[in-house]
Amino acid sequence: MEPLALTACSIVTCLGAGRQANVAALRARRSGLAPCTFETVRLDTHVGEVAGVDAVRLPDHLTDYDCRNNRLAQFALDSDGFGERARAARERHGAGRIGVFLGTSTSGILATELAYRHRDADGRLPADFRYRETHGTFSLADYVAHALDLTGPAVVVSAACASSAKVFGNAVRAMAAGLCDAAIVGGVDTLCLTTLYGFHSLGLLSPRPCRPFDIARDGISISEGAAFVLLERAGSTKARVNLLGVGESSDAHHMSTPHPEGLGARMSMERALAGAGVAPDRVGYVNLHGTASRTNDASEAEALVDVFGTATPCSSTKGLTGHALGAAGAIEALLTVFALEEGFLPAGANTEALDPALHVDYLVAPRSGGAAIAMSNSFGFGGANCALLFGLTGS
Amino acid sequence: MKAFVDGIGLLGPGLPDWSASRAILTGAAPHVAGPMTIPASDWLPPAERRRTGVSVRLALAVGREACEHARMEPRSLATVFTSSGGDGDNQHTICETLASEAREVSPTRFHNSVHNAPAGYWGVATGSMESSTTLSAFDWSFAAGLIEALTWIAFERQPILLAAYDAPYPEPLRAFRPIPSPFGLALALNPTRSDRSIAELALDFASVTSDVGLPQELMRLRDAIPAARGLPLLCAIARGDRTDVAVEYLDGRSLRATVTPL
């Protein structure tokens, strides 16, 4: 594929709002996970809640879209000057020539969960409930396109925890086909009862902050977050990092358990490399999906060894950010990009004793020296896999 | 953007499959809507089959019909699934449970709640490890799926299956999102013409003034169910004349699909 330049980005996680807060936490290995006090949830687990979401106000003409997910989207549009840069891109390319490709798993379903508590005697939802603008799966892209006054193609990809990695592929294809000249890609997912009680029902929530690749890892920590990227054709920009490759595949194994040997994961990594024309030994860092579930980390490690051997430095940043589900792909893509730009390899947090059965070079302390090319992995329920490859310009 | 339509799958009220629906789409036979049966796919192992809801069954049924019609091997086929809102029955039950004291969500309901559940079950059923994406663009999810499938073909030069489906929400969500009945539609698309190709399809953002002449009852279906926004396209293919079809897109915009039957 033709490389695409990342010309603007924005990130909001439980580590903080904006690039600086997230890079500082990465360097310090500071986890944003804390015991869950979200809403009325009573579960013995840690979550990565974003501070300040409730205080965000949507623009007056878009208040129909008001829900936690779109408030977090607006928070990210307001961070790192992303909204201004997107508007400048609109001036350069035209409103109809910028596509919006965003990922989410649960959209604004929290609004529906709360509305169900307020059903009347006949079981009806409150009259001010708004389906399209909150709960609806398309709500996120619908909101962002309206907030930025963009009229190009817009779509939500909802493929569980691979959603906001896969959107990079949709943008690549749409730009190659000439449907748009730039793309807003990214993802937003927010804490809700469906995912917290749902993962609890599957026995996948750790009572402690999650410990990816630890021998005693015992489950995931759910979080929320948002990340946006502006993609434009490389060459005409001063961007420092390009998207080099996108690899997608399916497990064809089970709805909620990964392929035991990581076959689908391996295919997605190989396809990202092949699409970029990059040999595995040129990749200096892999940001793992690394949820800290027993099965995910084992199958991902196996896939990684098959593709890269045992010497490629890797880590999961989910010990810091938690697992932001449909937003994880875009968040971790950006943490990978920041690592390339800042010249260090980020380490995981919370991991105390590495699982000796996982034969990878897992970083428990940040490593200086950095990398020129790095990969970010995202895998989800339904067997959705996506690997993204990024490189410093000129690499 | 161009592709060849090699196979079609269709399942909606009064529309039992593609071959039985052709005459209804052209108006040559009357449209009689009755109760629908949506069988669970016998492609799935019995344990998995029992776990599937309406939207998974719909997507698998129309996807399979399109593949068989096209004589495409699903195991080696990439897929695009598109639905305005996924499995409403499941979402309703989860929200009801979460509003109760116990909040004991069923693990099966939870893993079925992801929007890409049909893609997951399709993978288990067919063994396809190829690329698959699952989209939503509210009432314009069919158009969004068509765009994705055709850009994929332009980029990868490989065949792809597009499956669009929507299922009704039960009350109380139904009052806010009234989808009257299940509806699914699938196209098996090929980058090159094969001996199975039944129409050439070209897609762009131009406007269309002509009307394909969809029978009145089917127009009502088109307006009521997002996935049925693909019916005018099928009507043009069934008619067998070269036609420009408007495919409704975001907020009143539309795409032009130029259908050249072969």
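Run B:Ala33 past the list (1) at pLDDT 95 or above; (2) touching a helix residue (DSSP H, G or I) at 6+ places or on another chain (Cβ under 9 Å); (3) under 30 Å from B:Gln216 (Cβ atoms) and report the number of the one that doesn't hold.
Only one criterion is unmet by B:Ala33, namely (1).
Please enumerate the residues belonging to segment A:35-78 that are in contact (Cβ under 8 Å) with a residue 40 or more places away in the chain, closer than 30 Å to A:Arg367 by Cα and of a type in the set (A, V, I, L, M).
A:Val47, A:Val50, A:Ala76
Can you tell me how many residues in segment B:234-262 are without any contact (Cβ under 8 Å) to a residue 60 or more places away in the chain and aliphatic (A, V, I, L, M)?
Looking only at that region, the number is 3.
Tell me whether segment A:93-112 contains one or more residues that are out of contact with any strand residue (DSSP E or B) (no Cβ under 9 Å at 6 or more places or on another chain), outside any helix (DSSP H, G or I), buried (at least 24 other Cβ atoms within 10 Å of the Cβ) and not β-branched (Val, Ile, Thr). I'd like the intermediate steps shown before the answer.
Filtering segment A:93-112 for residues out of contact with any strand residue (DSSP E or B) (no Cβ under 9 Å at 6 or more places or on another chain) gives A:94-96, A:108-112.
The next check asks that each one be outside any helix (DSSP H, G or I); those that pass are A:94, A:108.
Restricting the remaining residues to those that are buried (at least 24 other Cβ atoms within 10 Å of the Cβ) gives A:108.
With not β-branched (Val, Ile, Thr) added as a condition, the list becomes A:108.
The answer is yes, given that some residue of segment A:93-112 is out of contact with any strand residue (DSSP E or B) (no Cβ under 9 Å at 6 or more places or on another chain), outside any helix (DSSP H, G or I), buried (at least 24 other Cβ atoms within 10 Å of the Cβ) and not β-branched (Val, Ile, Thr).
Would you please list the contacts, defined by Cβ atoms under 6 Å and residues six or more apart or on different chains, that run from a residue in segment B:151-162 that is within 8 Å of another protein chain (Cβ to nearest Cβ) and within 14 Å of B:Ala202 (Cα to Cα) to a residue that is surrounded by fewer than 17 Cβ atoms within 10 Å (Cβ to Cβ) and modelled with pLDDT under 95?
Note: no pairs meet the criteria.
Across segment B:100-135, which residue is nearest to the other protein chains (Cβ to nearest Cβ) among those that are surrounded by fewer than 20 Cβ atoms within 10 Å (Cβ to Cβ) and under 11 Å from B:Arg51 (Cβ atoms)? Write out each step before concluding.
Restricting attention to segment B:100-135, the residues satisfying the condition of being surrounded by fewer than 20 Cβ atoms within 10 Å (Cβ to Cβ) are B:100-104, B:106-108, B:127.
This time we only want the ones that are under 11 Å from B:Arg51 (Cβ atoms), so: B:106-108.
Working: B:Ser106: 7, B:Pro107: 4, B:Thr108: 9 Å.
By that ranking, first place goes to B:Pro107.
Among the residues of segment A:139-160, what is the count of those that are of a type in the set (A, V, I, L, M, F, W, C) and facing another protein chain (nearest Cβ under 9 Å)?
Looking only at segment A:139-160, we keep the residues that are of a type in the set (A, V, I, L, M, F, W, C), and these are A:140-141, A:144-145, A:147-148, A:150, A:154-157, A:159-160.
Among the residues that remain, those that are also facing another protein chain (nearest Cβ under 9 Å) are: A:141, A:145, A:154-157, A:159-160.
Result for segment A:139-160: 8.
Could you check A:Lys166 against (1) at the interface with chain B (Cβ under 8 Å from one of its Cβ atoms); (2) free of Cβ contacts under 8 Å to residues at least 60 places away in the same chain; (3) buried (at least 24 other Cβ atoms within 10 Å of the Cβ) and say which number it fails?
For A:Lys166, the exception is condition (2).
Test A:Val172 against the stated conditions and say whether it is at the interface with chain B (Cβ under 9 Å from one of its Cβ atoms) and in contact (Cβ under 8 Å) with a residue 24 or more places away in the chain.
Numbers: at the interface with chain B (Cβ under 9 Å from one of its Cβ atoms): yes; in contact (Cβ under 8 Å) with a residue 24 or more places away in the chain: yes.
Considered against the rule, which asks whether it is at the interface with chain B (Cβ under 9 Å from one of its Cβ atoms) and in contact (Cβ under 8 Å) with a residue 24 or more places away in the chain, A:Val172 comes out as yes.
Restricting to segment A:1-58, give me the number of residues that are part of a loop (DSSP other than H, G, I, E, B) and among the aliphatic types (A, V, I, L, M). First the steps, then the outcome.
We begin by selecting, within segment A:1-58, every residue part of a loop (DSSP other than H, G, I, E, B); these are A:1-3, A:14-15, A:18, A:29-33, A:36-45, A:49-58.
Restricting the remaining residues to those that are among the aliphatic types (A, V, I, L, M) gives A:1, A:15, A:33, A:41, A:43, A:50-51, A:53, A:55-56, A:58.
Residues meeting the conditions: 11.
Failed condition for B:Ser21, given (1) within 18 Å of the chain's Cα centre (by Cα); (2) surrounded by fewer than 17 Cβ atoms within 10 Å (Cβ to Cβ); (3) at pLDDT 95 or above, with all others met?
Only one criterion is unmet by B:Ser21, namely (2).
Please verify whether segment A:260-276 includes one or more residues that are in contact with a Cys (Cβ under 9 Å, 6 or more places away or on another chain) and more than 12 Å from chain B (Cβ to nearest Cβ). Quick ask: steps written out before the conclusion?
Of all residues in segment A:260-276, those in contact with a Cys (Cβ under 9 Å, 6 or more places away or on another chain) come to A:268, A:272.
In the following step, the residues that additionally are more than 12 Å from chain B (Cβ to nearest Cβ) were identified as none.
Scanning segment A:260-276, I find no residue that is in contact with a Cys (Cβ under 9 Å, 6 or more places away or on another chain) and more than 12 Å from chain B (Cβ to nearest Cβ), so the answer is no.
The values are calculated or read from the model by the stated rules, or taken from the named source; none is laboratory data. Not measured: the values here are computed from a predicted model. Neighbour counts are summed over all protein chains in view; Cβ atoms, including those assigned to glycine, are modelled from backbone coordinates with ideal geometry.
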